[in-house]
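The values are calculated or read from the model by the stated rules, or taken from the named source; none is laboratory data. Here the structure is a predicted model, which is why all the values come from computation and not from measurement. With ideal geometry, Cβ positions are generated from the backbone for all residues, glycine too; neighbour counts draw on all protein chains shown.
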């Protein structure tokens, strides 16, 4: 067949796409089990870090055991909520998410039971610029959130402030990331939105009893 | 025949090294070299993609319509890179979280397209496979050298293992794990390698 004919060109392209598409589908199918296991392990690790749970080892089972032992999970409007009922460590963890600079950022924010103090924040998924926005996962950034006081009296977008603030010593502010202003601003924006959602869901006094004794 | 393969390997590793001779693939060379483990996975990805792309393009070279050869090459490269991406995500998820964005960028790595167009589309499959391997190995040799130096100087570790009594004799150079560290190292290595090559060629 003439290699210049449109029929040959189209058929060749279709065949190439079919062969390589099938190859990718096979690799994807063959690794599905591993990918699912990795996703569970990643979530458990993030939860252990966020709630500062004691983990006996580094295996997937150890993380699963720590989560099962210390946390009770429930779902609110399609979002997971975690409750830690260990005496002296009572806290609530909320999955949150919003649009970052490039794509959605997902994470877990752990609050005191009265929703006044941030205990920790950890990220489940983000696709920000490596070396810039992606640094939101680094401990120097997330550690800033520990002990932060949520100022519920502030206007809606300023309950927590990421970046500059007119108040020289605010208890509700963390430093933004140099070179990643858009990621920092986006995080501040959707974190405040999510805090409002969380408060509206938990406006009633919280049940001090564990869900599953 | 054997000597021609040796020449292809030598060219890829030294004489025509993609990084310091052809100045290709610099983006990832700068981005993923602050930890050796990340670098090794990136190198595996590039070697795999370059070798198999070269082999496939060479195998199909007499059947690919000339007008759409670039599109076909991109489809082949992208497919192999996606397979690598899925494999790294499955086997080493922690490393994938760090180098994931760069694995995707292998698709646009100039080395792969450059070798497919310059070598594989004009040569037989086996020499093309060796050329792809050689270029991938040449790229890897430079990246690994930079990564070893940056990790030792920046973190005081190698492959995550701390150097003996590190705290007693070593102060970590934070700049080495930051982007400027990569620029300095790459420039120094390119300078050194080219100076050597110029001397050799003069002889």
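Every test in (1) at the interface with chain B (Cβ under 9 Å from one of its Cβ atoms); (2) without any contact (Cβ under 8 Å) to a residue 60 or more places away in the chain; (3) surrounded by 14 or more Cβ atoms within 10 Å (Cβ to Cβ) is passed by residue A:71 save one, and that test is (1). Residue pairs whose Cβ atoms lie under 9 Å apart, sitting 6 or more positions apart in sequence or on different chains, and linking a residue in the stretch B:172-188 that is within 14 Å of chain A (Cβ to nearest Cβ) to a partner that is loosely packed, with under 13 Cβ neighbours inside 10 Å, are B:181/B:174.
Taking the stretch B:69-96, which residues are surrounded by 17 or more Cβ atoms within 10 Å (Cβ to Cβ), within 19 Å of residue A:46 (Cα to Cα) and either more than 8 Å from every other protein chain (Cβ to nearest Cβ) or within 15 Å of the chain's Cα centre (by Cα) (or both)? Matches in the stretch B:69-96: B:92, B:95, B:96. Where helices (runs of 4 or more DSSP H) fall entirely within the stretch B:26-122, those with at least 3 residues that are modelled with pLDDT under 85 and over 19 Å from residue B:177 (Cα atoms) are at B:93-105.
Evaluate the stretch A:7-23: report whether one residue or more is touching a helix residue (DSSP H, G or I) at 6+ places or on another chain (Cβ under 9 Å), more than 9 Å from chain B (Cβ to nearest Cβ) and at pLDDT below 95. The answer is no; no qualifying residue exists. Residues in the stretch A:74-100 that are within 20 Å of residue A:126 (Cα to Cα) and surrounded by 14 or more Cβ atoms within 10 Å (Cβ to Cβ): A:79, A:80, A:81, A:93, A:94, A:95, A:96, A:97, A:98, A:100. Any residue at all in the stretch A:77-85 that is closer than 30 Å to residue A:201 by Cβ, in a loop (DSSP other than H, G, I, E, B), in contact with a strand residue (DSSP E or B) (Cβ under 9 Å, 6 or more places away or on another chain) and at pLDDT below 90? The answer is yes; a qualifying residue exists. Using the structure shown, decide if residue B:132 is touching a residue at least 12 places away in the same chain (Cβ under 8 Å) and surrounded by 14 or more Cβ atoms within 10 Å (Cβ to Cβ). Yes, satisfied.
So, of the residues in the stretch A:120-156 that are touching a residue at least 40 places away in the same chain (Cβ under 8 Å) and closer than 18 Å to residue A:196 by Cα, which turns out to be surrounded by the fewest Cβ atoms within 10 Å (Cβ to Cβ)? Among them, the one singled out is A:156.
In this entry, residue A:58 is excluded by the filter for residues that are within 11 Å of chain B (Cβ to nearest Cβ) and on the phi < 0 side of the Ramachandran plot.
Restricting the search to the stretch A:50-67, which residues are surrounded by fewer than 19 Cβ atoms within 10 Å (Cβ to Cβ) and in a helix (DSSP H, G or I)? Across the stretch A:50-67, the qualifying residues are A:60, A:61, A:62, A:64, A:65. Filtered by the rule that a residue be under 21 Å from residue B:74 (Cβ atoms) and exposed (fewer than 14 other Cβ atoms within 10 Å of the Cβ), the stretch A:20-44 gives A:21, A:22, A:25, A:26. Can you tell me which residue within the stretch A:191-201, out of those that are modelled with pLDDT of 90 or more and buried (at least 17 other Cβ atoms within 10 Å of the Cβ), is nearest to residue A:103 (Cα to Cα)? Residue satisfying both the conditions and the ranking: A:191.
To keep it simple, each residue is scored yes or no on (1) modelled with pLDDT under 90; (2) touching a strand residue (DSSP E or B) at 6+ places or on another chain (Cβ under 8 Å).
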residue	(1), (2)
A:143	no, no
A:148	no, yes
A:154	yes, no
A:170	yes, yes
A:178	yes, no
A:206	yes, yes
